[in-house]
Amino acid sequence: MSIQRALISVSDKTGVVDFARQLSAAGVQIISTGGTASALREAGLTITDVADVTGFPEIMDGRVKTLHPSIHGGLLARSGTDDAVLAEHAIHSIDLAVINLYPFAATINRDDVDFAMAIENIDIGGPAMIRAAAKNHARVSVVVSPTDYGRVLQAVSRKKAPDAALRRELAARAFAHTAAYDSHVATYMKRAAGLDPLSEDFSLGGAREQMLRYGENPHQSAAFYRDAKRAPGTLAAATILQGKALSYNNIADSDAALECVRQFDSPACVIVKHANPCGVAVGTTLSEAYKLAFATDPTSAFGGIIAFNGTVDGTLATSIVDRQFVEVVIAPDFTPDALQAFATKKNVRVLATGPLTALPADVDLKRVSGGFLVQSRDDGVVTAADLQIVTDRKPNGDELRDLMFAWKVVKYVKSNAIVFCKEQQTIGIGAGQMSRVYSTRIAAIKAEDEGLQVAGSVMASDAFFPFRDGLDSAASHGITAVIQPGGSIRDDEVIAAANEHNLAMVFTGMRHFRH
């Protein structure tokens with residue numbers, strides 16, 4: 001079996017002229033249409049138009065050109081089963097389909113795109129031909145990526161078709177290609193229609209940005225995928241200005257740091273280690289914010305991820321380089337002298353995100369055995385006006401400011417999460433403990449180890465206190481005010497404990513578990 005007839009219709013024309021030229025030199029008849037046919041003819045190749053195969057012209061501005069029995073019959077015909085049907089209707093079999101689709105993802109990322117333009121870039125004939133060829137891979141080879149041209153040509157050079165194993169692999173890649181494409185379209189349409197993303201059928205498509213050296217651990221394989229619609233000011237849209245490729249853990253931690261620092265309007269710094277903030281602060285400048293954030297836990301900050309919500313200058317960059325080893329620094333922008341300072345540490349990854357604009361509504365996913373969980377992203381925000389003061393003593397102005405700061409931080413700490421803050425600086429952080437009391441103790445231990453004064457600080461808890469022991473522990477360390485969701489059946493007991501210790505306590509009515 002050899003390739004006699006090939007259908008080529010591609011939006012991505014990378015390498016297609018040379019590929020077609022080698023097919024033609026091997027005696028393969030090439031059928032094509034539209035821009036692909038024009039490009040191949042301009043290169044001097046002899047091309048058969050799809051319209052000559054179907055006996056019907058392209059209509060509706062090219063919307064209908066390949067949806068015809070002469071094309072789909074040629075792709076779907078089974079060897080030895082449908083030969084008589086082909087002969088009866090004068091249909092010639094097609095042995096190779098080289099197709100990729102209208103650039104829908106590129107279109108919806110254009111600044112000038114509107115809904116009508118996006119709709120016109122939904123490919124109909126392309127997916128139909130790809131699926132037909134892939135279904136019939138027992139006979140037909142289907143290619144959706146220029147990266148596979150070479151392997152097909154190896155077979156053609158031997159006057160053979162790709163073997164059964166390669167045809168099956170190419171078919172699998174083809175179905176993955178159309179599945180991702182349809183997911184992009186579905187996601188765009190849901191958002192345009194204002195539909196709940198948690199529909200009965202859920203799909204997620206992504207383009208592989210890079211293969212990673214490994215996953216969380218060296219024995220795990222991993223890759224980084226990007227959404228079709230690039231959200232500005234996100235990790236996926238960031239530009240790597242310096243440093244080696246990001247690892248799986250670098251990407252996860254950088255995202256955690258970036259999303260936390262995004263919550264602040266004033267100059268802020270967030271330092272993350274192993275997916276948890278180990279230091280967060282707001283200052284009059286980014287340099288001050290970094291100094292305060294680093295002071296929370298210098299030990300954990302070693303080898304961490306540092307995120308800022310403003311432009312990093314040379315003074316700040318030099319301070320970071322002189323003070324600590326850092327894996328990644330991520331910020332909206334960097335001055336030239338900042339990049340010069342980081343260049344002295346060539347392994348430091350420097351990522352520029354552009355302005356940290358508000359994120360569109362989206363979902364989070366988590367894989368479980370045999371399925372996956374999908375939820376809307378935790379975009380819940382609590383303002384000072386939303387707080388319910390439940391104790392005899394009300395928080396004063398400084399305490400209220402720090403309580404709101406602490407509440408923004410605790411959202412990004414793994415549960416059970418406790419955060420001590422004072423003057424918009426984290427003083428101690430307790431993360432990921434099975435007991436909220438132990439998270440409180442850990443926060444106090446970390447503060448003590450770094451010589452930070454807990455007395456006079458405020459405390460945030462990501463979820464309610466089930467017993468009064470958490471309040472008793474906080475009071476023993478000198479905490480003066482507490483912010484927590486409330487909602488425990490023992491709220492009255494917890495409130496009574498706060499009153500006994502003359503603590504001010506407010507309820508948010510909103511929980512921020514982060515597992």
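The values are calculated or read from the model by the stated rules, or taken from the named source; none is laboratory data. In this text, all values refer to a predicted model and were calculated from it rather than measured experimentally. All Cβ positions, glycine included, derive from the backbone under ideal geometry; neighbour counts span all protein chains shown. Each accessible area value is taken on the protein alone, full model and side chains, heavy atoms only, with ligands, DNA and RNA left out. Shrake-Rupley method; radii C 1.70, N 1.55, O 1.52, S 1.80 Å.
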Members of the stretch 289-311 found to be assigned to a loop (DSSP other than H, G, I, E, B), over 20 Å from residue 453 (Cβ atoms) and of a type outside the set (S, T, N, Q), listed by number: 302, 303, 310
Could you figure out which of (1) exposed (fewer than 13 other Cβ atoms within 10 Å of the Cβ); (2) among the aliphatic types (A, V, I, L, M); (3) closer than 30 Å to residue 231 by Cα isn't true of residue 138? (3)
Any residue in the stretch 282-295 that is over 25 Å from residue 361 (Cβ atoms), within 22 Å of the chain's Cα centre (by Cα), hydrophobic (A, V, I, L, M, F, W, C) and open to solvent by 30 Å² or more (accessible area, probe 1.4 Å)? no
Being hydroxyl-bearing (Ser, Thr, Tyr) and either closer than 30 Å to residue 315 by Cβ or in contact with a His (Cβ under 9 Å, 6 or more places away or on another chain) (or both) narrows it down to one residue among 391, 344, 383; which is it? 344
Just to be sure before I move on: is residue 166 without any contact (Cβ under 8 Å) to a residue 40 or more places away in the chain, surrounded by 20 or more Cβ atoms within 10 Å (Cβ to Cβ), over 18 Å from the mean Cα position of the chain (by Cα) and over 26 Å from residue 115 (Cα atoms) in the structure I sent? no
Over the stretch 467-493, the set of residues within 40 Å of the chain's Cα centre (by Cα), open to solvent by less than 50 Å² (accessible area, probe 1.4 Å) and not hydroxyl-bearing (Ser, Thr, Tyr) is 470, 471, 474, 479, 481, 482, 483, 484, 485, 486, 491
Condition (residue is touching a strand residue (DSSP E or B) at 6+ places or on another chain (Cβ under 8 Å), assigned to a helix (DSSP H, G or I) and either closer than 27 Å to residue 230 by Cβ or not acidic (Asp, Glu) (or both)) applied to the stretch 187-196: is it met by at least one residue? no
How many residues, within the stretch 201-212, are farther than 17 Å from residue 240 by Cα, free of Cβ contacts under 8 Å to residues at least 40 places away in the same chain and not hydroxyl-bearing (Ser, Thr, Tyr)? 3
Failed condition for residue 441, given (1) open to solvent by 20 Å² or more (accessible area, probe 1.4 Å); (2) in contact (Cβ under 8 Å) with a residue 60 or more places away in the chain: (2)
Name the single residue, out of those in the stretch 173-230 being basic (Lys, Arg) and open to solvent by 60 Å² or more (accessible area, probe 1.4 Å), that is modelled with the lowest pLDDT. 229
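Residue-by-condition table, conditions (1) assigned to a helix (DSSP H, G or I); (2) over 24 Å from residue 154 (Cβ atoms); (3) open to solvent by 40 Å² or more (accessible area, probe 1.4 Å):
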{"position": "21", "(1), (2), (3)": "yes, no, yes"}
{"position": "52", "(1), (2), (3)": "yes, yes, yes"}
{"position": "57", "(1), (2), (3)": "no, yes, yes"}
{"position": "61", "(1), (2), (3)": "no, yes, yes"}
{"position": "73", "(1), (2), (3)": "yes, yes, no"}
{"position": "105", "(1), (2), (3)": "yes, yes, no"}
Tally the residues that are open to solvent by less than 40 Å² (accessible area, probe 1.4 Å) and more than 18 Å from residue 350 (Cβ to Cβ), restricting the search to the stretch 231-252. 1
Which numbered condition residue 316 fails, given (1) part of a helix (DSSP H, G or I); (2) at pLDDT below 95; (3) open to solvent by less than 80 Å² (accessible area, probe 1.4 Å): (2)
All-but-one check, residue 448 against (1) more than 20 Å from residue 504 (Cβ to Cβ); (2) at pLDDT 95 or above; (3) not hydrophobic (A, V, I, L, M, F, W, C), failing number (2)
Between 273, 346, which is over 25 Å from residue 406 (Cα atoms), open to solvent by 50 Å² or more (accessible area, probe 1.4 Å), modelled with pLDDT under 95 and not small (Gly, Ala, Ser)? 346
Between a first residue in the stretch 379-400 that is within 30 Å of residue 363 (Cβ to Cβ) and a second residue that is part of a loop (DSSP other than H, G, I, E, B) and not small (Gly, Ala, Ser), which pairs have beta carbons less than 6 Å apart while being 6 or more apart in sequence or on different chains? 380/510; 382/508; 382/510
Can residue 93 be described as among the hydroxyl-bearing types (Ser, Thr, Tyr), loosely packed, with under 15 Cβ neighbours inside 10 Å, in a loop (DSSP other than H, G, I, E, B) and touching a residue at least 60 places away in the same chain (Cβ under 8 Å)? no
